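This report refers to the structure that appears directly beneath it.
The values are calculated or read from the model by the stated rules, or taken from the named source; none is laboratory data. From a predicted model like this one, the values you see are computed outputs, not experimental measurements. Here Cβ is always computed from backbone atoms with ideal geometry, including for glycine, and neighbour counts include all displayed protein chains.
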Amino acid sequence: MPDVYCGPAPAPQTLLLAWNFDPVALALCAAILGIHAASGRRDGQRGDRSDGRSMALAGTGVLALLFLSPLCALTVSLFSARVAHHALLIGVVAPLLALAFRGVRFPAPSLPLSALTGLNALLLWFWHVPQVYEVAIVGALPYWTMQLSLLGAAFALWRAALAPAAHPGSAIFALLATMVQMGMLGALLTFARSPLYVPHLGTTQAFGLSPLADQQLAGLIMWVPASLPYLVAALLLLSAQLAPASSRRVR
């Protein structure tokens, strides 16, 4: 499997040595922090800047973990690691960056939540089509097209859902709908009767997993833990809407 981004599939004994210092990944992390610092000086209040800086640092830290640490190399061996990678990208990095840039105005037009929900579903399913996935992990250009499109769409969805002006019902529906379609994809992977992803047919055994078991683990990750951030966020939004009503009833 030539020119796979993150390098050749590592063996367990060499995994911790497989760090990635690709200039694109380093530039992405630096650009996020630089843009946030510049936008914070221009738009933010002191307290907002402090909170936003913490979110930006946390989001960039997880981003660095995904693309610079040996986790990047592990995704070449295990499809389950790739799914965990994507789950962290769209379910942890994206909301942290959305909160970091919450008060920042972007020149690009914003789409309605319904469109963003559909876009996220379309991209997630598209990039996990086995034939598309096989192309996407070979070479820097298709790899970064996949990663940045997933991150960009997820960032836009989280930013719109968590915006103070967002309609609570629409935001909750968008988050739950995203959770449901991720669960559907996870269920399909979990219950598939044969391995679907050719690049991992010969790379999982060194880690004690058959290709099918690795794929089933990937499905379970997509089905349950990857969906949790969306469920938690939806419940928090619902709780915030119910709290004022209950307090009014008490009074």
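Scan the range 179-187 and tell me whether some residue there is surrounded by fewer than 17 Cβ atoms within 10 Å (Cβ to Cβ), under 18 Å from the mean Cα position of the chain (by Cα), without any contact (Cβ under 8 Å) to a residue 24 or more places away in the chain and in a loop (DSSP other than H, G, I, E, B).
Looking for residues that are surrounded by fewer than 17 Cβ atoms within 10 Å (Cβ to Cβ), under 18 Å from the mean Cα position of the chain (by Cα), without any contact (Cβ under 8 Å) to a residue 24 or more places away in the chain and in a loop (DSSP other than H, G, I, E, B), one finds none in the range 179-187, hence no.
For the structure I just gave you, tell me whether Ser149 is in a helix (DSSP H, G or I) and either touching an Asp or Glu at 6+ places or on another chain (Cβ under 6 Å) or under 26 Å from Ser239 (Cα atoms) (or both). Talk me through it step by step, then tell me what you get.
On the way: in a helix (DSSP H, G or I): yes; either touching an Asp or Glu at 6+ places or on another chain (Cβ under 6 Å) or under 26 Å from Ser239 (Cα atoms) (or both): no.
So Ser149 fails the test.
Give just the number: which of (1) in contact with a Ser or Thr (Cβ under 9 Å, 6 or more places away or on another chain); (2) in contact (Cβ under 8 Å) with a residue 60 or more places away in the chain; (3) of a type outside the set (Phe, Trp, Tyr); (4) surrounded by fewer than 19 Cβ atoms within 10 Å (Cβ to Cβ) does Leu162 not satisfy?
(1) is the only condition that Leu162 fails.
Can you find even one residue in the range 170-177 that is modelled with pLDDT of 95 or more, of a type in the set (Ser, Thr, Tyr) and more than 29 Å from Cys72 (Cα to Cα)?
For the range 170-177, residues modelled with pLDDT of 95 or more, of a type in the set (Ser, Thr, Tyr) and more than 29 Å from Cys72 (Cα to Cα): present.
Could you check how many residues of the range 127-152 are free of Cβ contacts under 8 Å to residues at least 60 places away in the same chain, more than 18 Å from Asp3 (Cβ to Cβ) and touching a helix residue (DSSP H, G or I) at 6+ places or on another chain (Cβ under 6 Å)?
Total satisfying the criteria: 2.
If I filter the range 108-127 down to residues being of a type in the set (Gly, Ala, Ser) and loosely packed, with under 15 Cβ neighbours inside 10 Å, which single residue comes out as modelled with the lowest pLDDT?
Ala108
When you scan the range 63-76, do you find a residue that is more than 28 Å from Gln216 (Cβ to Cβ), free of Cβ contacts under 8 Å to residues at least 60 places away in the same chain and either of a type outside the set (S, T, N, Q) or surrounded by 15 or more Cβ atoms within 10 Å (Cβ to Cβ) (or both), even just one?
Yes: one or more hits.
Looking at Thr190 and the list (1) assigned to a helix (DSSP H, G or I); (2) within 23 Å of Val24 (Cβ to Cβ); (3) over 19 Å from the mean Cα position of the chain (by Cα), which single condition is not satisfied?
The one condition Thr190 does not meet is (2).
Please go through (1) modelled with pLDDT of 95 or more; (2) buried (at least 17 other Cβ atoms within 10 Å of the Cβ) for Asn20 and return the number of the only condition it doesn't satisfy.
Among (1) modelled with pLDDT of 95 or more; (2) buried (at least 17 other Cβ atoms within 10 Å of the Cβ), the lone unmet condition for Asn20 is (1).
For the structure I just gave you, tell me whether Ala206 is at pLDDT 95 or above, assigned to a helix (DSSP H, G or I) and touching a Pro at 6+ places or on another chain (Cβ under 8 Å).
The answer is yes for Ala206.
Among the residues of the range 209-251 satisfying the criterion of being over 22 Å from Leu15 (Cα atoms) and not in a helix (DSSP H, G or I), which is modelled with the highest pLDDT?
Val224
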